[in-house]
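Visitor: The structure that follows is given in the form of structure tokens.
The values are calculated or read from the model by the stated rules, or taken from the named source; none is laboratory data. Note that the structure is predicted; figures quoted are calculated from it, not measured. Don't worry about glycine lacking a Cβ; one is built from the backbone with ideal geometry, like all the others, and counts go over all protein chains shown. When the accessible area is computed, the model is the full protein with side chains, heavy atoms only, and any ligands, DNA or RNA have been set aside. Shrake-Rupley method; radii C 1.70, N 1.55, O 1.52, S 1.80 Å.
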Amino acid sequence: MSWNVIHDGDGSASRIVLKEHTGSTAEVLFLGGQVVSWKNERREELLFRSNKTLWKPPKAFRGGIPISFPQFGTFGSLERHGFVRNRVWLLDDSPSPLPAANSQSTVDLILKSTEEDLKIWPHRFEVRLRISLSAGKLTLIPRVRNIDNKPFSFTFSLRNYLSVSDISEVRVEGLETLDYFDNLQRGERYTEQADAITFDSETDRVYLSTPTKTAIIDHEKKRTYVLQKEGLADAVVWNPWDKKAKSLPDLGDEDYKKMLCVDSAAVETPIILKPSEEWRGRQELSTVSSSYCSGQLDPRKVLYG
């Protein structure tokens, strides 16, 4: 193996560092199987990380790409966002049916249910995650297998904390005309009327039956994040804005200006697995330079080109 494992004193921040030939890197914590850094070849950090993150395991790290399983948010009776983000994952030497990873820029992790987990959620499972880094691209392939003798259902998300220059200068394209649940309005269902999503207040929405590709355009940095996904029908868009940010102990008062969460999620329709069945999702994050001209970026080139 040519990627590096970095151990810290008590293990809470032990991580894997992935590198690829152009110089981009990614870091993945064993705690939660959580990607906490993705830097491009110019060493620019592309994922938001809160400076006030409380390193108090088993609490998850605020930023990066935390995983929600077997429950997204409060869509169920378990703790918010489930519990796998609070567990220590292991290296997976047998990622079948995926081919074995043989490069320094791919790693496989696994989490198996424990007897303690069964007291919280009475289903035996395995969750696997493949993280692959390539030039300008970060790919995550999550898988869930039912190793119990009875079916179970779950909701799931990859929460992408994207680093942006100024949230008021960001727009999200590809979700227009879709229905969404507004979590600020008790989960009421609405239809998106805007040509693109922009931000001037707290936003917490679950967009339903979304397309496979979404563009997050940062006008000030002239950078567009392109989010492509499979097996994750919904998209969650979240920014806490000023009042909510001040109420979160692990988020700086001004941090909301520099972040936007756009999740790949399965929320509206839970995934059902029979014994021995496996679900597989896929998410690919990439960045492209965006030219901002006459007040409008042509989204078709990014979304459909």
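Visitor: Within region 27-49, restricting attention to residues that are outside any loop (DSSP other than H, G, I, E, B) and in contact (Cβ under 8 Å) with a residue 40 or more places away in the chain, which residue is nearest to Arg85 (Cα to Cα)?
Guide: Going through the qualifying residues, I end up with Leu31.
Visitor: Quick one: count up the residues across region 219-263 that are without any contact (Cβ under 8 Å) to a residue 12 or more places away in the chain and either within 27 Å of Asp179 (Cα to Cα) or in contact with a Cys (Cβ under 8 Å, 6 or more places away or on another chain) (or both).
Guide: Within region 219-263, residues that are without any contact (Cβ under 8 Å) to a residue 12 or more places away in the chain and either within 27 Å of Asp179 (Cα to Cα) or in contact with a Cys (Cβ under 8 Å, 6 or more places away or on another chain) (or both) number 1.
Visitor: Working only within region 198-252, note down all residues that are farther than 22 Å from Thr155 by Cβ, outside any loop (DSSP other than H, G, I, E, B) and of a type in the set (Val, Ile, Thr).
Guide: Hits for region 198-252 are Ile216, Ile217, Thr224, Val226.
Visitor: Could you tell me whether any residue of region 73-94 is open to solvent by less than 50 Å² (accessible area, probe 1.4 Å), within 22 Å of Trp3 (Cα to Cα), among the charged types (D, E, K, R) and part of a strand (DSSP E or B)?
Guide: Within region 73-94 (the criterion being open to solvent by less than 50 Å² (accessible area, probe 1.4 Å), within 22 Å of Trp3 (Cα to Cα), among the charged types (D, E, K, R) and part of a strand (DSSP E or B)), the answer is no, since none of the residues qualifies.
Visitor: Name the strands (runs of 3 or more DSSP E) wholly within region 99-197 that hold at least 3 residues that are surrounded by 14 or more Cβ atoms within 10 Å (Cβ to Cβ) and charged (D, E, K, R)?
Guide: 125-134, 137-146
Visitor: Moving to a separate point now. Do the conditions hold for Val84, that is, is it farther than 29 Å from Thr287 by Cα, within 19 Å of the chain's Cα centre (by Cα), modelled with pLDDT under 95 and of a type in the set (A, V, I, L, M, F, W, C)?
Guide: So Val84 fails the test.
Visitor: So is Ala265 open to solvent by less than 50 Å² (accessible area, probe 1.4 Å) and either modelled with pLDDT of 95 or more or assigned to a loop (DSSP other than H, G, I, E, B) (or both) or not?
Guide: Considered against the rule, which asks whether it is open to solvent by less than 50 Å² (accessible area, probe 1.4 Å) and either modelled with pLDDT of 95 or more or assigned to a loop (DSSP other than H, G, I, E, B) (or both), Ala265 comes out as yes.
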